[in-house]
Amino acid sequence: MFLFSVMGNGLYVASIFLNSTERSYLIRNMPYWLGSSGTLTFDFTIFIQFYLYRHNQPLTEALKDAVDSGALSQDMVESLATSEISGHDIEQGR
């Protein structure tokens, strides 16, 4: 569904520019092509984030790796599941 939204906005902007490139026409339709272009900018930001963070592990896997490496104790992980401990507390070993 997200892909269809991106395609729709891209085709809408393309249709405006392909209809006419006269200055008066583009200025008259500026709110429409600027709005869709802005939406496309946000859409491509999401695509870039998907690409950049594609290798991130789920939290459960990251916690298992931390226990295996000795960075966290099993007791610390269990207390995380039952209470609200901030990331700063974890870094301090509390």
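Please treat every number below as a calculation from the coordinates, not as lab data. No experiment lies behind these values; they were computed from the predicted model shown. All Cβ positions, glycine included, derive from the backbone under ideal geometry; neighbour counts span all protein chains shown.
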>> Once R0 is set to 35 Å, what does the formula 1/(1 + (r/R0)^6) return for the Cβ-Cβ distance between residue 23 and residue 46, expressed as a FRET efficiency to the nearest 0.05?
In response: 0.60
>> Rounded, prolate or oblate, given the Cα gyration tensor of segment 7-54, with a/c below 1.5 counting as rounded?
In response: prolate
> About its Cα centre, what dipole magnitude does the chain give when the only charges are +1 on Lys and Arg Cβ and -1 on Asp and Glu Cβ, stated in debye to the nearest 20?
Replying inline: 780 debye
> Can you work out the FRET efficiency for the pair residue 74 and residue 7, with r the C-beta to C-beta distance and R0 = 41 Å, to the nearest 0.05?
Replying inline: 0.30
>> Can you find, among 50, 1, 40, the residue sitting farthest towards the positive end of the charge dipole of the chain, where Lys and Arg contribute +1 and Asp and Glu -1 at Cβ?
In response: 40
>> Translational diffusion coefficient of the chain at 20 °C, 1.002 mPa s, Stokes-Einstein with Kirkwood Rh over Cα pairs, in µm²/s as a whole number.
In response: 122 µm²/s
> How do 47-53, 26-32 rank on mean C-beta neighbours within 10 Å, highest first?
Replying inline: 26-32, 47-53
> In terms of modelled amide H atoms, which long-range or inter-chain residues lie less than 5 Å from the amide H of residue 72?
Replying inline: 67
